2 protein chains.
Amino acid sequence: MALNALKTSKIPRSDAVYFGLRRAIIEQALMPGDKMTEDVIGDRFGVSRTIVRTALARLHAEGLVDLQPNKGAAIAQPSLSEAHDIFEARMCLERQVLTRLAAKVTDRDIALLEKHIALERKASPADGPASIRLAGEFHILLADLSGNTVLARFVDEVVSRCSLILALYGRPHSSDCSLTEHEQIIEALRQRDGAGAVASMDHHLHAVTERALLSSTADRHRDIRSILDHYAK
Amino acid sequence: MALNALKTSKIPRSDAVYFGLRRAIIEQALMPGDKMTEDVIGDRFGVSRTIVRTALARLHAEGLVDLQPNKGAAIAQPSLSEAHDIFEARMCLERQVLTRLAAKVTDRDIALLEKHIALERKASPADGPASIRLAGEFHILLADLSGNTVLARFVDEVVSRCSLILALYGRPHSSDCSLTEHEQIIEALRQRDGAGAVASMDHHLHAVTERALLSSTADRHRDIRSILDHYAK
DNA sequence: TTCCACCATCTTGCATGCATTTCGATCTCG
DNA sequence: CGAGATCGAAATGCATGCAAGATGGTGGAA
């Protein structure tokens, strides 16, 4: 009785759908623009449309899914302008995370970060999807360790949305070099060097931004909306 | 044809419930801890539980509502620790907003801000609820004018959650002095003085924080039904 | 051929019904 | 008298059904 009171935390079935879809989006199994029909998702997950609808609404609130009334859901396609907004917010939030973290980081925190880096290093060469996810989760781990749950939630959101931006505008294998940048951040934290950590993060995020947005002008598939913006007026 | 394409944006009925409840929470008509029964809300707004559930989930995602499985929804009661996290995130976000805004603010923006201040000034003396809401909306307006939609969304959330903190820990009539502080911020913006605007905002938010975390009020017994009659339409 | 209207089909918006769980009051027993 | 068991009312979790809106293709008229 007293024991299973701990495991009696019934979790809603919509959570399973939410996390499943979220991972599919972040690992770029589902690509921006892909249509998400309630029936299809419900069949795959073995739940009714009611549940799917709840999960989609949640993803919509996070900006991962576009939701138009009477027309259904699709994976969000951030415009270049939105992409810029997301990167700016991300920079602002992650600076705060590192400033805060440098002042309170423990050896155990460092160990957790090292452990994560090891995972990144292992997954990096071959496994594309996992590599993308792990690179993002490094930043989410930093935010968690900062101890500020609000910052952590916001970082989680902007990092997730960055996956969409990468999928839309980025070039394929661009996450390798971020590994050493992550190591630089940890090194600065190990020395409780807040300014250094922020500087490393600035450098890292600028690099990510450039990698993500510079290739967009050249080739690959481009955003129709930003193209039309140019001709509409 | 081409004209009504603009007005053919059917809005879901859950939006009405969402915004109604949100306003009731922000204006402190509904207080932290108040139980929110789906049937009761549905009756007041004239919709089914399905719709109410959607609105509650959205409020939960924003941290305004606590949602426990099988136990229902209640207005969130941020802990002091959460309150601190929220203020820290808010400070970080609003600094960015002002830095950005000072660099691009137009005379039209200034005019909008002045107009809002006029509203605040008018509502301040008597109307408690509206005064609370307007003080928050000043900050949301700043974020909107910054042009960064992501920052704007985040600011919206933290400002809303600050209402809960004020309701829980703040003292009743504390929003008057914030008016002159808002004016200081506008003045700094008018001179395109980013550093000055940030300094004013720092001072303002520190003041708000201090005002917020002083005393707790005795709560009386209130009826959710009669309150919702006022917000249902 | 091109454009428009119309219809079949698919999909979403929403209410309702049923099963399950929670909560509180009464009852029972020590 | 008090602590725990028990039962009923109430609230939630979820699936399903139906109406309304969107999509895409066909046929007719200019």
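The values are calculated or read from the model by the stated rules, or taken from the named source; none is laboratory data. Please read these numbers as outputs of a predicted model, since none were measured by experiment. Every residue, glycine among them, receives a Cβ derived from its backbone with ideal geometry; neighbour counts consider all protein chains shown. Heavy atoms of the whole protein, side chains included, go into the accessibility calculation; ligands, DNA and RNA do not. Shrake-Rupley method; radii C 1.70, N 1.55, O 1.52, S 1.80 Å.
A few notes on this one:
- For segment B:17-64, a tally of residues being closer than 20 Å to B:PHE154 by Cα and of a type in the set (Phe, Trp, Tyr) returns 2.
- Taking the criterion of being more than 14 Å from chain B (Cβ to nearest Cβ), closer than 22 Å to A:LEU168 by Cα and open to solvent by 60 Å² or more (accessible area, probe 1.4 Å), the residues of segment A:35-61 that qualify are A:LYS35, A:THR37.
- Any chance B:VAL105 is modelled with pLDDT of 95 or more, within 16 Å of DNA strand D (Cβ to nearest atom), farther than 17 Å from A:GLN96 by Cα and open to solvent by less than 50 Å² (accessible area, probe 1.4 Å): no
- Members of segment B:62-89 found to be surrounded by fewer than 18 Cβ atoms within 10 Å (Cβ to Cβ), more than 16 Å from DNA strand C (Cβ to nearest atom) and free of Cβ contacts under 8 Å to residues at least 12 places away in the same chain, listed by number: B:SER79, B:SER81, B:HIS84
- Residues (of a type in the set (Gly, Ala, Ser), facing chain A (nearest Cβ under 9 Å) and touching an Asp or Glu at 6+ places or on another chain (Cβ under 9 Å)) located in segment B:62-88: B:GLY63
- Qualifying residue in segment A:12-24 (condition: within 16 Å of DNA strand D (Cβ to nearest atom), more than 23 Å from A:ALA143 (Cα to Cα), open to solvent by 30 Å² or more (accessible area, probe 1.4 Å) and among the small types (Gly, Ala, Ser)): yes
- Enumeration of residues in segment A:57-90 that are over 17 Å from the mean Cα position of the chain (by Cα) and within 16 Å of DNA strand D (Cβ to nearest atom): A:ALA57, A:LEU67, A:GLN68, A:PRO69, A:ASN70, A:LYS71, A:GLY72, A:ALA73, A:ALA74
- Residue in segment A:191-198 that is modelled with pLDDT of 95 or more and on the phi > 0 side of the Ramachandran plot present: no
- Test for A:LEU93: is it among the hydrophobic types (A, V, I, L, M, F, W, C) and facing another protein chain (nearest Cβ under 9 Å): yes
- Selection of segment B:152-169 for residues being of a type in the set (A, V, I, L, M) and either without any contact (Cβ under 8 Å) to a residue 60 or more places away in the chain or not in a helix (DSSP H, G or I) (or both) yields only B:ALA152.
- Residue check, A:ILE25 modelled with pLDDT of 95 or more, within 18 Å of the chain's Cα centre (by Cα) and of a type outside the set (Asp, Glu): no
- First in segment A:9-24 and within 13 Å of DNA strand C (Cβ to nearest atom), second anywhere and polar (S, T, N, Q), Cβ under 8 Å, 6 or more apart: A:LYS10/B:ASN70; A:PRO12/A:THR54
- Scanning segment A:141-151 for residues that are buried (at least 21 other Cβ atoms within 10 Å of the Cβ), touching a residue at least 12 places away in the same chain (Cβ under 8 Å) and assigned to a helix (DSSP H, G or I) yields a count of 5.
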